[in-house]
Amino acid sequence: MATVDYPLEKSRRQREFSLSEALYSWVATVDHKRLGLMYMTSAIIFFLIAGVMAMVIRAQLIVPENHVVGPQTFNRLFTMHGTTMVFLVGMPIIAGMSNYLIPLMIGARDMAFPRLNAFGYWIFLFGGILLYFSYLGANGLFGAGSAPDVGWFAYAPLTERAFSRGTSTDYWILGILVSGIGSIVSAINVIATTLSMRCKGMKLSRMPLFVWVMVVDAWMVILALPPLTAGQVMLLFDRYLGANFFNTQAGGSAVLWQHFFWIFGHPEVYILIFPAFATVSEVVPVFSRKPIFGRQAMVGAVVAIGFISFGVWAHHMFAVGMAPISNIFFATASFLVAVPTGVKIFNWLATIWGGKIRFATPMLFCVAFIFQFLIAGLTGVMLAVTPFDWQLTDSYFVVAHFHYTLTGSFLFGVFAAIYYWFPKATGKMLSETIGKWHFWLLVIGFHLTFDPQHILGILGMPRRVYTYAPGRGWEPWNMISSIGAAIQAIAIICFAWNVIRALIKGERAGDDPWDAWTLEWTTTSPPPEYNYETDPEVRSSRPLWDLKHPEDPDWKYE
Amino acid sequence: MASSATQPVETEWRLPDRGTVGIISLILTEISLFSIFVIAYLFYIGKSLTGPFPKDVLEFPVLATICLLSSSGTIVFAEHALKHRKMAMFKMWWAVTIVLGLVFLYETGVEWHDLIYDKHLTIATNVFGSTFYSLVGLHATHVIVGMTFLLIVFIVTMRGFPIHTQIRRVTFLSWYWHFVDAVWVVVFTVVYIVGR
Ligand SMILES: [Cu+2]
């Protein structure tokens, strides 16, 4: 923290080398904070790209029989939009938030394996670039295809050699497989860091809920990602060695791909929502000026969700024609998830209840998260009812449901996290005024976009169609939905402006702008490379409260 | 803050070793990967539309199995010798482990050559071929990876590197080797007993 006085000559020399040195220092870094920021920045760039794709999709669907893009391009757009949002936005945000915050929150100097951490980032980025290179490179020898167009879950046998010529599907397989290695590596690192690097006194019972949720998330990543990798390897064997895993003409099973994909895919949606859980569990108490309600129950609920989420995957496959007993099993298991999820929502509300609430931007995003996540959960329970799913599967109702979880919940949680921890990471405050514009425009845009899509689904509009005929009552809802998407785009522009403005001339944040209670707010903003001058010691789950209130510390009651 | 008001922090503060946690997590994620290939194998038993079928072409890989399983024992002997700084014993048992692993790989090679050239079973022949080569091949890949690390340890030791300073890492490698062995027990049961 003390500034070092360089001799004049040295400082001039430093300025000369600064650009290449700065670049080198970022490329060669193994510092968890820098890697965390690199993950977040990459994720935001991919988010903007996939967001533009969504805009084109909504522009195409704004009126019936529209001609903004053709069917081929449309297929590529929704495939790349979904794939990008899940694997190149969601996953690196998990890695980014864990990387940046976990060592600070548990009072560690760095992650357990810093070099492995850097490897994870670069291999993820390589996978992402490989996927996008398909736009240029996938024409290949066969002259067919550009970007992948098989949907984000790439159902067999559509992905087999016979139906997917050219190399676009291979870019999908390899890009995801490679970036998945990055996710697994980073998850192993998170587990080892939380179990082995905690500062003195940071018992599991005192560990911040954020860290708890993220470590359960990491467990889910290491167990749920390999099934996808295995399925992708089999698909590659099918495509390049003539194997018959998903080749129905030689006794292979296309349904098996669906099983393998969703054994990964269902836990994946919880993997994606967990960073939002983690953030809300930290932000809501601080902005309600109350400790979290039912801490143990929150931990228990997160662990329970982690377990149950591995036993519900086939609720994505009710329409495939499984045995009735399977349908009943997976429907029942899916209802079960609602119980721990309900516990979490109840406890967040109970934390807010009777609190001295400050509606700063992070808190606004959290409150919207709670309500939108509740609705996402309710439509989820509806879709878990097998006959209901038979009626509405593959319709816009499903699109609306999972965008409620991924946009209305995950994205809102991530924005809460960015508004909350941006001051720590940069030392600058984001503007509250622009933040509120961002928030309200996003809320309005989100609901205008996705609320009507429930109705579209009930009216029978299938997902993934590139256009539709007039006269089925779909026009007004599609129109509203597309207008909402444009409003969301304006909200995102507000966010970008807010970030750029804050980086240039943001108000200085100080160490602890929110009067928070976890360890990361004791160090400077941004934290020095070594995080803490002396190793912190912790006596309760709110170490900073203890420091601020020596007369009434938490540990007296724990 | 008055020291009398401060509750003493735990004097004893021990956490699990990060390498241990890391290697266990790695093994768990590998188990998840293998499970899917095993499930695929079990799912496709009896689903091949054309021959050759497992009962026609598969023979028990007796020698390979004996070699691989006993290499789990010899690596423990080697570790034990290393902990007691008996370097000659360590080198000997380590070399035996490597030889046993190499015999396993050689036997697998012979089996595959026989299957491909004499019995005309390739990965493309039927679903049995697809699942057989991918499951056994995935396992063999892990043996090769383990073998590479075993060889690295052996070579640096022979060139005079003080390997006893790296007991932790040697232990992790031996855990990985045990894991590869345990997977073989599953693969053997599924492919050569259940699958026939
Ligand atoms: Cu699901």
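The values are calculated or read from the model by the stated rules, or taken from the named source; none is laboratory data. In this text the structure is predicted, and so the values were computed from the model without any measurement. Note that each Cβ is placed from the backbone with ideal geometry, even for glycine, and that neighbours are counted across all protein chains shown.
Could you pull out the residue among A:TRP497, A:TRP517, A:TRP440, A:TRP521 that is touching a Leu at 6+ places or on another chain (Cβ under 7 Å), assigned to a helix (DSSP H, G or I) and at pLDDT 90 or above? Even if it seems obvious, please write down each step before you answer.
Details: A:TRP497 fails: touching a Leu at 6+ places or on another chain (Cβ under 7 Å); A:TRP517 fails: assigned to a helix (DSSP H, G or I); A:TRP440 fails: touching a Leu at 6+ places or on another chain (Cβ under 7 Å).
Criteria check complete, one pass: A:TRP521.
Looking at A:PHE369, A:PHE359, A:PHE346, which is the one that is more than 16 Å from the ligand (Cβ to nearest atom) and surrounded by 18 or more Cβ atoms within 10 Å (Cβ to Cβ)? First the steps, then the outcome.
On the way: A:PHE359 fails: surrounded by 18 or more Cβ atoms within 10 Å (Cβ to Cβ); A:PHE346 fails: surrounded by 18 or more Cβ atoms within 10 Å (Cβ to Cβ).
Exactly one of A:PHE369, A:PHE359, A:PHE346 is more than 16 Å from the ligand (Cβ to nearest atom) and surrounded by 18 or more Cβ atoms within 10 Å (Cβ to Cβ), namely A:PHE369.
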Inset, instruction - Only residues in the stretch B:183-196 that are more than 16 Å from B:TYR44 (Cβ to Cβ) count as the first member; pair them with residues that are not in a helix (DSSP H, G or I), Cβ under 8 angstrom, at least 6 apart or cross-chain, and list the lot. - result: B:PHE188/B:PRO61
Legend entry - For A:ASP511: the one exception among (1) in contact (Cβ under 8 Å) with a residue 40 or more places away in the chain; (2) assigned to a loop (DSSP other than H, G, I, E, B): (1)
Inset, instruction - Could you figure out which of (1) within 12 Å of chain A (Cβ to nearest Cβ); (2) assigned to a helix (DSSP H, G or I); (3) out of contact with any Leu (no Cβ under 9 Å at 6 or more places or on another chain) isn't true of B:SER48? - result: (2)
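May I ask you to say which residue of A:VAL233, A:VAL221, A:VAL213, A:VAL150 is modelled with pLDDT of 95 or more and more than 9 Å from chain B (Cβ to nearest Cβ)?
A:VAL213
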Legend entry - Elements of type helices (runs of 4 or more DSSP H) in the stretch A:359-405, at least 1 residues being closer than 30 Å to A:SER288 by Cβ and β-branched (Val, Ile, Thr): A:361-384, A:396-405
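Could you say whether any residue in the stretch A:153-170 is part of a helix (DSSP H, G or I) and at pLDDT below 90?
Initial filter on the stretch A:153-170 (part of a helix (DSSP H, G or I)): A:168-170.
Now drop any that are not at pLDDT below 90, which leaves A:168.
Within the stretch A:153-170, one or more residues are part of a helix (DSSP H, G or I) and at pLDDT below 90.
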Legend entry - Residue list for the stretch A:443-491, restricted to those being crowded, with 16+ Cβ neighbours inside 10 Å and outside any helix (DSSP H, G or I): A:MET461, A:ARG463, A:TYR466, A:THR467, A:TYR468, A:TRP474
Inset, instruction - Could you check, for the stretch A:305-328, whether at least one of its residues is assigned to a helix (DSSP H, G or I), more than 22 Å from the chain's Cα centre (by Cα), within 16 Å of the ligand (Cβ to nearest atom) and without any contact (Cβ under 8 Å) to a residue 40 or more places away in the chain? - result: yes
Inset, instruction - From (1) under 30 Å from A:GLY251 (Cα atoms); (2) in contact (Cβ under 8 Å) with a residue 60 or more places away in the chain; (3) surrounded by 15 or more Cβ atoms within 10 Å (Cβ to Cβ), pick out the condition that doesn't hold for B:LEU42. - result: (3)
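Scan the stretch A:175-193 for residues that are over 16 Å from B:ILE27 (Cα atoms) and more than 9 Å from chain B (Cβ to nearest Cβ) and jot them down.
A:GLY175, A:ILE176, A:LEU177, A:VAL178, A:SER179, A:GLY180, A:GLY182
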Legend entry - Residue that is within 29 Å of A:PHE245 (Cβ to Cβ), surrounded by 16 or more Cβ atoms within 10 Å (Cβ to Cβ) and of a type in the set (Phe, Trp, Tyr), where the choices are B:PHE188, B:PHE154: B:PHE188
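Conditions (1) at pLDDT below 95; (2) under 30 Å from B:ILE123 (Cα atoms); (3) in a helix (DSSP H, G or I), marked per residue:
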residue	(1), (2), (3)
B:LEU138	no, yes, yes
B:VAL145	no, yes, yes
B:THR148	no, yes, yes
B:PHE161	yes, no, no
B:ARG169	yes, no, yes
B:TYR176	no, yes, yes
B:VAL187	no, yes, yes
B:ARG196	yes, yes, no
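Looking at the stretch B:79-100, which of its residues are without any contact (Cβ under 8 Å) to a residue 60 or more places away in the chain and assigned to a helix (DSSP H, G or I)?
Initial filter on the stretch B:79-100 (without any contact (Cβ under 8 Å) to a residue 60 or more places away in the chain): B:80-81, B:84, B:86, B:88-89, B:92-93, B:95-96, B:98-100.
Scanning the stretch B:79-100 gives B:HIS80, B:ALA81, B:ALA88, B:MET89, B:MET92, B:TRP93, B:ALA95, B:VAL96, B:ILE98, B:VAL99, B:LEU100.
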Inset, instruction - Could you please find all residues in the stretch A:258-288 being out of contact with any Asp or Glu (no Cβ under 9 Å at 6 or more places or on another chain) and away from the ligand (no atom under 16 Å from the Cβ)? - result: A:ALA276, A:THR279, A:VAL280, A:SER281, A:GLU282, A:VAL283, A:VAL284, A:PRO285, A:PHE287, A:SER288
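Just to be sure, is A:ASP238 among the acidic types (Asp, Glu), at the interface with chain B (Cβ under 10 Å from one of its Cβ atoms) and in contact (Cβ under 8 Å) with a residue 12 or more places away in the chain?
Numbers: among the acidic types (Asp, Glu): yes; at the interface with chain B (Cβ under 10 Å from one of its Cβ atoms): yes; in contact (Cβ under 8 Å) with a residue 12 or more places away in the chain: yes.
Answer is yes for this residue.
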Inset, instruction - Look through the stretch A:372-393, keep the residues that are of a type outside the set (Val, Ile, Thr) and within 14 Å of the ligand (Cβ to nearest atom), and return whichever of them is surrounded by the most Cβ atoms within 10 Å (Cβ to Cβ). - result: A:ALA376
Legend entry - Candidate set: the stretch A:528-544, residues that are touching a helix residue (DSSP H, G or I) at 6+ places or on another chain (Cβ under 9 Å) and among the hydroxyl-bearing types (Ser, Thr, Tyr); chosen: the one surrounded by the fewest Cβ atoms within 10 Å (Cβ to Cβ): A:TYR532
Inset, instruction - Any residue in the stretch A:195-209 that's at the interface with another protein chain (Cβ under 7 Å from one of its Cβ atoms): show its pairings with residues that are surrounded by fewer than 19 Cβ atoms within 10 Å (Cβ to Cβ) and aliphatic (A, V, I, L, M) at Cβ separation under 8 Å, as long as the two are six or more apart or on different chains. - result: A:LEU195/B:LEU15; A:SER196/B:LEU15; A:MET197/B:LEU15; A:ARG198/B:LEU15; A:LYS200/B:VAL9; A:GLY201/B:VAL9
Inset, instruction - Residues being away from the ligand (no atom under 16 Å from the Cβ), within 28 Å of A:THR407 (Cβ to Cβ) and small (Gly, Ala, Ser): count how many of those fall in the stretch A:221-235. - result: 1
Inset, instruction - Report, ordered by the first and then the second residue, all pairs with beta carbons closer than 7 Å, sequence separation of six or more or different chains, a first member in the stretch A:433-449 that is within 19 Å of A:HIS401 (Cβ to Cβ) and without any contact (Cβ under 8 Å) to a residue 12 or more places away in the chain, and a second member that is crowded, with 18+ Cβ neighbours inside 10 Å and of a type in the set (Phe, Trp, Tyr). - result: none
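Would you confirm, using the coordinates I've provided, whether A:ILE504 is surrounded by fewer than 19 Cβ atoms within 10 Å (Cβ to Cβ) and closer than 27 Å to A:ILE375 by Cβ?
Values: surrounded by fewer than 19 Cβ atoms within 10 Å (Cβ to Cβ): yes; closer than 27 Å to A:ILE375 by Cβ: no.
No: the conditions fail for A:ILE504.
Of the residues that make up the stretch A:236-251, is at least one in a helix (DSSP H, G or I), more than 14 Å from the ligand (Cβ to nearest atom) and small (Gly, Ala, Ser)? Lay out the reasoning, then the answer.
Looking only at the stretch A:236-251, we keep the residues that are in a helix (DSSP H, G or I), and these are A:236-241, A:248-250.
Right, trim to more than 14 Å from the ligand (Cβ to nearest atom) and you get A:236-241, A:248-250.
Subsequent filtering for residues that are small (Gly, Ala, Ser) retains A:250.
Yes, the conditions are met somewhere in the stretch A:236-251.
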Inset, instruction - Look through A:PHE410, A:PHE422 and report the one residue that is assigned to a helix (DSSP H, G or I), in contact with a strand residue (DSSP E or B) (Cβ under 9 Å, 6 or more places away or on another chain) and in contact (Cβ under 8 Å) with a residue 60 or more places away in the chain. - result: A:PHE422
Inset, instruction - Report yes if A:VAL255 is part of a helix (DSSP H, G or I), more than 16 Å from the ligand (Cβ to nearest atom) and under 26 Å from the mean Cα position of the chain (by Cα), otherwise no. - result: no
Legend entry - Selection count, the stretch B:150-159, where residues are without any contact (Cβ under 8 Å) to a residue 60 or more places away in the chain, over 28 Å from B:VAL186 (Cβ atoms) and assigned to a helix (DSSP H, G or I): 2
